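Please read the structure below before turning to the comments.
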Amino acid sequence: MLLAAVLLLVGLTPAHAAAGDGSSFDSPLAVPLTTLDGTFAATNEGRSTPGGNYPGRPIWANGTWYEFTAPADARISIALSSSFDNALELWTASGTLVDSNDDADGTLNARITVDVTAGTTYRFAFASVSFNPRTGPGTVTIRPVDAPAAPTGVTVTPGDRSVTVTWTPPASVVSSSTLVCSVDGGTATYCGTVSGAGTSATVDGLTNGVPVTVQVHNQSTAGVSLLSPGVVATPRAMTSLVVTTVPAVVVTGAPYAVVASVERSDSAPATGDVTFDIGGATSTVALVDGEATVTGLVSLAGTVPVTVTYAATPDQTGGSATTEVVVGRATQTVTLDAVGPLTYGDAPVTLTATATSGGPVTFGATGACTVVGATLQVDGAGDCAVTASQAGTTEHLPAEASTTVTVGQLVQTLTLAVPGLVHGQTADVVTSSSAGLPVTLTATGACTVTDGRVTATDVGTCTVTATQDGDANVLPAPPVSVEVDVERRSQTVTIDPIGDLLFAVEPVRVVATSSLGLPVTLTATGACLVVGDELRTVASGDCTITATQAGDAHTLPADATTTIRVVGTGTSATVRLDAEVGDRAAGAPFTARASGVLPGSDVVVTVHSTPRELARVAVGADGTAVVTGVLPADLAAGDYRLVADAVGLDGVAVAAEVRFTIAADGVLVRIGDSVLTRAPAAGAAPAVAPAAAALAVTGPGDSLAVGALAGLWLLLGAALVAWRRRATV
C-alpha cells in the first residue's frame, strides 16, 4: 500500500524579517496565506489615514497594509469584500504603483487583476474610498487567473522501500501538486500530495526490487495541469559493508580471520557472495547470516591490503570496502631501575635496565646530567631525565622507560609492574618509591585496584597508575602508568568418561562441563546421536561425541571430543514350530525371533524346499523382531524346513531353521532341531550340508518311504504320546 507523500508547506516570504502592524505603507502585515491562492479575513477598523492623490501614498483612506513576495511569475486577481464602499491599491515595496480600484463590476467592492514577478515584494491596502469613518471587517481573496502548467524535470531517486520524487514547478501559481504511481506496470493510483509550491516528496511503502512509475501534475483554484511524463525507478535496500579482523589486534605469526559483515537497510537477510582480495590472494565466500569469513590467515609484520566487494542485485545495492590489516610486532617492556636520589657532585651512577625481548638497552639523558655508555654523570642542579631504550627487532616493537630526577633535592622515583591479565584474574601489582614512601595505585579501563592488587573487570586496556605525593622532605614523584591488554579468559571443556556401549541399550546421560560453569552444547556423529544430554545408539561402530562452549565477550571458546565404540549385542535368530508331534500340520503355529540384527531390515520366514514366504516383519530400532504365523493347509506329506532369514548389524545375512515331517494323514510325525547358520562370504563355495540335514522335497516324496515312516510312528504311538518335542535355536 502506498503511503501519503510528505507534505511540504511553502509560505509567502515577507520583504523584511519583522512584519509591521499594518497601519502604514512602511509597516505592513504579512499576507496570512501559504500561497497566492486563498481568502483571509481583513479589517481597517481603527485606521484613520486620509487619502491622497497619485503619485502620493496612500491613494485611498483608512487603509490596512499587507505585503507578500511573489514565489513565481503569475497573473493573479485581488478582490475585496466588505459592507462599506472599499478601495484597493497595489504597489511594489520600492514604491511603484501597480494598480488601484474603487468599484468593480458595478459593486462597492474593489478588484484588480495584475501580473506579478517572481521574487518581487508587493504591498496593497484594504481601504475605503473616503476619509469618512468607512471602516469595518471584510475579506481579501487572492486567486490565480490561469491554470498551472505541468511540472518539468521530474526525477525519481530510488531508496529503501521508497522513491524520492523532485520536479521543477511552472512559473505560475501552484496551490498543490499530486503524485500518481503505478507499481510494476499495474493500475495508476494517487500516491501523494504536496501543498503549496513544494518540489519534492517521498513515496514510502514500496517493495524493493519492484519498479514503480511516477507522474506529477499541479493544481490551483484556476485548474489542473496535465500529468508529467512517467519516470521509472526501482526501490532498493541500501547495504553497508564492514570489514573487521578476528582478533581485532593482529600480531606476527598468530592466525587471524578477515570478516565481512553486510547489512540491508530493510533488515532483510543479505545473501550472495563476497569476494575477498587479501594481499593479492582472491577468494569468494558465500554470506551466512550476513557474514562471510576467510580464516586461517597468518602474516608477517607489516600491512596486508584487503579489498572486499559485494555485488549489487535488483533489490539491493552493492558495495566494496578497502582496508589494511596492520600486522604488528610483539610488544616488549623496558624496565629502568630507579636512579637517585642525586645531588650535584655525586659520583657517577651506573644505570641498569632490562628489556623483556632480551635485546640490548641503550641509555640517554637530558637536563642536568649526561650518559656515557651506562654511566650517569651529574652535571649540575636541576632536572635530570634518563631514558632506557630498546630499538626493537623484527619480532618486537621498540620500547623505552624513562625517569626524571632533580639534582640538588631528594627526588623519589616510582617503579610499576603490572602483569598481563585475563578477565576475572586478580594479581599483585609490583610498585615502589625510591624514597620508601607508600605508593597510591589507581586504575582505569578494564580493571580496578584494591589493596595493591589489580583485578580485571572487563576485556580491553587496563591502565594502572602509581603516584606518590611526597612529604615535607621528599618531592612528589612523577606518576607512572602501565597499560596492559586484558584478554578473554580461557576455559576447558571436559566430557566424563563413557565406556563402550552395546547397541540398543537405554540412553546414556552425557556429562560435559566447562571449567567456568558456562553452558555446554553436545553433538554426536557416527553410530549415535545426542538428544539433550542423552546419548542414543543408532548403529554399531564408532561414536564421536563433541562438547562445545562458544565463549562470550569475556571468555574464549573451547571444545572437547571423545570417541567410543558401539558394539552389537550379538546376533541371534531362532525359529520354532509351536506344535507337538502328533498335531496336525495345517495351521500349526510358528514363532521366529531375532536380536542384534540390522534395524529397518526384514526378518522373513519361508518354508522349503521349494521356497514359499509365510511371514515378514521389519526389524525395530532396537535391533529385534518377532515373526508369527501358521503352516499352510496345502502342504503334502514329506520332509520340510521352516527357515527364518535376517541381516546382522555387520550386514551379513543370518538364518535359523527347524525341520519337520508330515505324514500322509497330515499329522506332524517329526520336529527337528533348528540350527543357526551364517551365509557364506561372497564368492565362497557353499558348504556341503551333512547328510542328516539334507532337505526333503516340498510336497509328497517317495510314497513307500512315507508309508514305512508312518507305520513306524504308529508302532511307537504310545511312546510318542509321552514324548513331545519343540525345536528352538
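The values are calculated or read from the model by the stated rules, or taken from the named source; none is laboratory data. This one's a predicted model, so the numbers in the text were calculated from it and none came from an experiment. So basically every Cβ, Gly included, is an ideal-geometry build from the backbone, and we count neighbours across all protein chains shown. When the accessible area is computed, the model is the full protein with side chains, heavy atoms only, and any ligands, DNA or RNA have been set aside. Shrake-Rupley method; radii C 1.70, N 1.55, O 1.52, S 1.80 Å.
General observations
- Only one of Thr431, Thr426, Thr352 that is surrounded by 20 or more Cβ atoms within 10 Å (Cβ to Cβ), farther than 28 Å from Thr252 by Cβ and not basic (Lys, Arg): Thr431
- Inclusion of Arg565 among residues that are assigned to a strand (DSSP E or B) and either small (Gly, Ala, Ser) or under 42 Å from the mean Cα position of the chain (by Cα) (or both) is warranted.
- Test result for Glu89, over 13 Å from Asn44 (Cα atoms), buried (at least 18 other Cβ atoms within 10 Å of the Cβ) and without any contact (Cβ under 8 Å) to a residue 40 or more places away in the chain: yes
- Subset of region 523-551 (residues that are out of contact with any Lys or Arg (no Cβ under 8 Å at 6 or more places or on another chain), part of a strand (DSSP E or B) and either surrounded by fewer than 17 Cβ atoms within 10 Å (Cβ to Cβ) or acidic (Asp, Glu) (or both)): Thr523, Thr525, Val531, Thr544
- Residues in region 18-51 that are open to solvent by 60 Å² or more (accessible area, probe 1.4 Å), closer than 29 Å to Ala201 by Cβ and at pLDDT below 90: Thr34 alone.
- Scan of region 478-510 for residues that are within 23 Å of Gly420 (Cα to Cα), in a loop (DSSP other than H, G, I, E, B) and open to solvent by less than 60 Å² (accessible area, probe 1.4 Å), ordered by number: Gln491
- Scanning region 61-80 for residues that are closer than 13 Å to Asn44 by Cβ and either out of contact with any Ser or Thr (no Cβ under 7 Å at 6 or more places or on another chain) or surrounded by fewer than 21 Cβ atoms within 10 Å (Cβ to Cβ) (or both) yields Tyr66, Leu80.
- Once region 576-598 is narrowed to residues that are over 21 Å from Ala636 (Cα atoms) and over 56 Å from the mean Cα position of the chain (by Cα), the residue that is surrounded by the fewest Cβ atoms within 10 Å (Cβ to Cβ) is Thr591.
- Inter-residue pairs, beta-carbon under 9 Å, first more than 8 Å from Val386 (Cβ to Cβ) and open to solvent by 60 Å² or more (accessible area, probe 1.4 Å) and in region 359-372, second among the hydrophobic types (A, V, I, L, M, F, W, C) and not in a strand (DSSP E or B), 6+ apart: Pro360/Ala391; Thr362/Ala374; Thr362/Ala391
- Checking the stated criteria, Trp65 turns out to be more than 60 Å from the chain's Cα centre (by Cα) and under 11 Å from Phe126 (Cα atoms).
- Residue, farthest from Arg264 (Cα to Cα), within region 151-178, restricted to residues that are open to solvent by 30 Å² or more (accessible area, probe 1.4 Å) and not polar (S, T, N, Q): Ala171
Residue-wise test of (1) under 32 Å from the mean Cα position of the chain (by Cα); (2) of a type in the set (Phe, Trp, Tyr); (3) not in a strand (DSSP E or B).
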position: Pro158; (1), (2), (3): yes, no, no
position: Ser172; (1), (2), (3): no, no, yes
position: Leu179; (1), (2), (3): no, no, no
position: Cys191; (1), (2), (3): no, no, no
position: Asn208; (1), (2), (3): yes, no, yes
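- Qualifying residue in region 408-426 (condition: free of Cβ contacts under 8 Å to residues at least 24 places away in the same chain and in a strand (DSSP E or B)): no
- Residue ID - farthest from Ser23 (Cα to Cα), chosen from residues in region 125-148 that are in a loop (DSSP other than H, G, I, E, B), in contact with a strand residue (DSSP E or B) (Cβ under 7 Å, 6 or more places away or on another chain) and open to solvent by 20 Å² or more (accessible area, probe 1.4 Å): Ala147
- Scan of region 232-258 for residues that are assigned to a strand (DSSP E or B) and either surrounded by fewer than 17 Cβ atoms within 10 Å (Cβ to Cβ) or of a type in the set (D, E, K, R) (or both), ordered by number: Val232, Ser240, Val242, Thr244, Val246, Ala257
- Restricting Leu475, Leu437 to residues that are open to solvent by 50 Å² or more (accessible area, probe 1.4 Å), among the hydrophobic types (A, V, I, L, M, F, W, C) and more than 30 Å from Thr571 (Cβ to Cβ) narrows the list to Leu475.
- Among residues of region 193-207 being of a type in the set (S, T, N, Q) and within 27 Å of Asp266 (Cα to Cα), the one that is most open to solvent (accessible area, probe 1.4 Å) is Thr207.
- Residue in region 321-331 that is in a strand (DSSP E or B), open to solvent by 70 Å² or more (accessible area, probe 1.4 Å) and in contact with an Asp or Glu (Cβ under 7 Å, 6 or more places away or on another chain) present: no
- Flag if Thr467 is at pLDDT 95 or above and open to solvent by less than 70 Å² (accessible area, probe 1.4 Å): yes
- Subset of region 350-374 (residues that are within 29 Å of Glu483 (Cα to Cα) and among the aliphatic types (A, V, I, L, M)): Leu351, Ala353, Ala355, Val361, Ala365, Val371, Ala374
- Number of residues in region 269-306 that are assigned to a loop (DSSP other than H, G, I, E, B), hydrophobic (A, V, I, L, M, F, W, C) and without any contact (Cβ under 8 Å) to a residue 40 or more places away in the chain: the value is 1.
- Which numbered condition Thr624 fails, given (1) open to solvent by less than 50 Å² (accessible area, probe 1.4 Å); (2) modelled with pLDDT of 55 or more: (1)
- Flag for Arg453 being charged (D, E, K, R) and surrounded by 15 or more Cβ atoms within 10 Å (Cβ to Cβ): no
- Sole exception among (1) more than 30 Å from Gly319 (Cα to Cα); (2) open to solvent by 40 Å² or more (accessible area, probe 1.4 Å); (3) at pLDDT below 90; (4) not β-branched (Val, Ile, Thr) for Tyr190, by number: (3)
- Condition check for Asp500: within 30 Å of Ala466 (Cα to Cα), touching a residue at least 40 places away in the same chain (Cβ under 8 Å) and among the charged types (D, E, K, R): no
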